[in-house]
Amino acid sequence: TTDARQDIARLTTAAASEINRTLVSMDALLAELSGWSNAPQTDLARLLQATLNSQMLLRNVALLDADHRVLASARLDALRLGVGADPAFLDSVLAQPFQALAVSAPTQTDLAPEQLIYLARSAPQPNGRKLLVVAEARVAILADQLDTGDGGRSASTLELANGQLLAAYPPHLHTRPTLLQPPLPDVQPTIPPAAPGGAGEGHLQRVVGVP
């Protein structure tokens, strides 16, 4: 019905606003951390640990070099084991012509028992080389932010502009990258592209099950 659609639209707008605030704050956080990338390693490690302690969304925050080696990390195990981000995703961030937040497809590896998406930003250095600031974000928390509070009458998703599913409510366990079809209507993406056709082509929201 028209009233039901209007209710869903209102609730969805509220959920989308919360997701937008989260992603904008993550972009600002990674931009701030990139400014600290040439700080002494002990100072940088303390900063990353303080950042992680203040962000429930994040499982880890780390600084990587162009070869994906971990230079500093909030979690000490990442210094030994590395991060689980797809190397192609990290390379696409390094190849960006300008600094912008990039978002990976969800992944689950032996390094982490939960689904994560990787948020990354390049950190150009005075000597011309590029580093990466990478955050591991918990998909389960993003999914909770998509809850429209309509008692289960609808399902909503967060996805990239190419249809790549990032998170869904009710939660959807996608153990491998999921491309949703049909593509959503033309919407101006919030997140600039990481690379043409890459994994950072903005995020959109889809709502299904509306009567």
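Checking the structure you have, find out if any residue of the range 87-94 is in a strand (DSSP E or B), open to solvent by 60 Å² or more (accessible area, probe 1.4 Å) and at pLDDT 90 or above. No, the range 87-94 has no match at all. The condition of being crowded, with 16+ Cβ neighbours inside 10 Å, closer than 15 Å to Leu119 by Cα, in contact with an Asp or Glu (Cβ under 7 Å, 6 or more places away or on another chain) and aliphatic (A, V, I, L, M) holds for Leu58. Report whether or not Ala137 is out of contact with any Cys (no Cβ under 6 Å at 6 or more places or on another chain), buried (at least 23 other Cβ atoms within 10 Å of the Cβ), of a type outside the set (D, E, K, R) and in contact (Cβ under 8 Å) with a residue 24 or more places away in the chain. Considered against the rule, which asks whether it is out of contact with any Cys (no Cβ under 6 Å at 6 or more places or on another chain), buried (at least 23 other Cβ atoms within 10 Å of the Cβ), of a type outside the set (D, E, K, R) and in contact (Cβ under 8 Å) with a residue 24 or more places away in the chain, Ala137 comes out as yes. Can you tell me how many residues in the range 95-123 are over 20 Å from Val139 (Cβ atoms) and surrounded by fewer than 14 Cβ atoms within 10 Å (Cβ to Cβ)? Going through the range 95-123 one residue at a time, the tally reaches 3. Can you tell me which residues in the range 27-73 are in contact with a Lys or Arg (Cβ under 9 Å, 6 or more places away or on another chain) and either β-branched (Val, Ile, Thr) or part of a loop (DSSP other than H, G, I, E, B) (or both)? Matches in the range 27-73: Met56, Leu57, Val61, Asp65, Ala66, Val70.
The values are calculated or read from the model by the stated rules, or taken from the named source; none is laboratory data. The shown structure was predicted, so the numbers you read here are calculated from the model rather than taken from an experiment. As a convention, Cβ positions derive from the backbone with ideal geometry for all residues, glycine included, and neighbour counts pool all protein chains shown. With ligands, DNA and RNA removed, areas are computed over all heavy atoms of the protein, side chains included. Shrake-Rupley method; radii C 1.70, N 1.55, O 1.52, S 1.80 Å.
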